[in-house]
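Structure, as structure tokens:
The values are calculated or read from the model by the stated rules, or taken from the named source; none is laboratory data. These numbers were taken from a predicted model, which means no experiment stands behind them. No Cβ is skipped: glycine too gets one built from the backbone with ideal geometry, and neighbour counts run over all protein chains shown. Areas reflect the complete protein model, heavy atoms only, side chains present, ligands, DNA and RNA absent. Shrake-Rupley method; radii C 1.70, N 1.55, O 1.52, S 1.80 Å.
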Amino acid sequence: MTQEIAKAQGGSLMQAEKKQRGFESGVDQQDLIIPRAKLIQALSPEMQEGLEGIKIGSIINSLTKEVLPEVFIPIFSFKNYIRFNPRSKDDPNFDADFEPGAIIWRSSDPSDPLVLEQTKFGPNGEKPVATTFLNFFSFFPGVTMPVIVSFSKTSYRTGKQLLSLGKFCGGDMFSRKYRLTSQMETNIGTYAVLRVAAIGEAAS
């Protein structure tokens, strides 16, 4: 997979194959945090931290807190599923065994009984109690680390659009580049959603 990524980026990630001094004892992958493209909303903690250049609708690297460039190249996609405990104890789906907002369970298996049961709409249109994430392991030119771009809830349709563009245009997923932006929408409240647009072939 590293070779595929390096090929997709014209070799710009070849340093990932080089031996890094200081890590001779080995690194447990469970101890590593893969950064995500985080879309900033009005109640995001970063809005309270006074970070430079960050506003509602900004898309940042969740690890470094830096604003990401717009252009990115998706390498491969995968799904995962998470049930979060509601933040309000008055919510009928609140589980008193977990803190508000805590993860109750997570899975990457689409045949998991919990996934099958709790990611579907109810018979009367009730929203799923678990969230489906459509993820893209991605490379942002100028950013030294890979970043996962995730789509869920109001942005999930955009994730399907990205997947469809990559599939129907032919070639490897990482043979094309896209622009990742956000726009404000108003429903019950006003919030930012992710948007993508194809912008051509990735450099060979």
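May I ask you to list the residues in segment 138-159 that are aromatic (Phe, Trp, Tyr) and either within 22 Å of GLN41 (Cα to Cα) or open to solvent by 30 Å² or more (accessible area, probe 1.4 Å) (or both)?
The answer is PHE140, PHE151, TYR156.
Only residues that are modelled with pLDDT under 95 and small (Gly, Ala, Ser): list them for segment 177-197, please.
GLY189, ALA192
So for segment 179-195 (the condition being of a type in the set (Val, Ile, Thr), surrounded by 14 or more Cβ atoms within 10 Å (Cβ to Cβ) and outside any strand (DSSP E or B)), does at least one residue qualify?
No: zero hits.
Counting just the residues of segment 115-157 that are assigned to a helix (DSSP H, G or I) and free of Cβ contacts under 8 Å to residues at least 40 places away in the same chain, which one comes out nearest to PHE84 (Cα to Cα)?
Looking at the filtered set, the residue picked out is GLN118.
From ILE75, ILE82, grab the single residue that is within 17 Å of the chain's Cα centre (by Cα), among the β-branched types (Val, Ile, Thr) and farther than 30 Å from GLU49 by Cα.
ILE75
Can we say ILE56 is among the hydrophobic types (A, V, I, L, M, F, W, C), out of contact with any Leu (no Cβ under 8 Å at 6 or more places or on another chain), at pLDDT 95 or above and farther than 30 Å from ALA203 by Cβ?
Against the criterion (among the hydrophobic types (A, V, I, L, M, F, W, C), out of contact with any Leu (no Cβ under 8 Å at 6 or more places or on another chain), at pLDDT 95 or above and farther than 30 Å from ALA203 by Cβ), ILE56 does not qualify.
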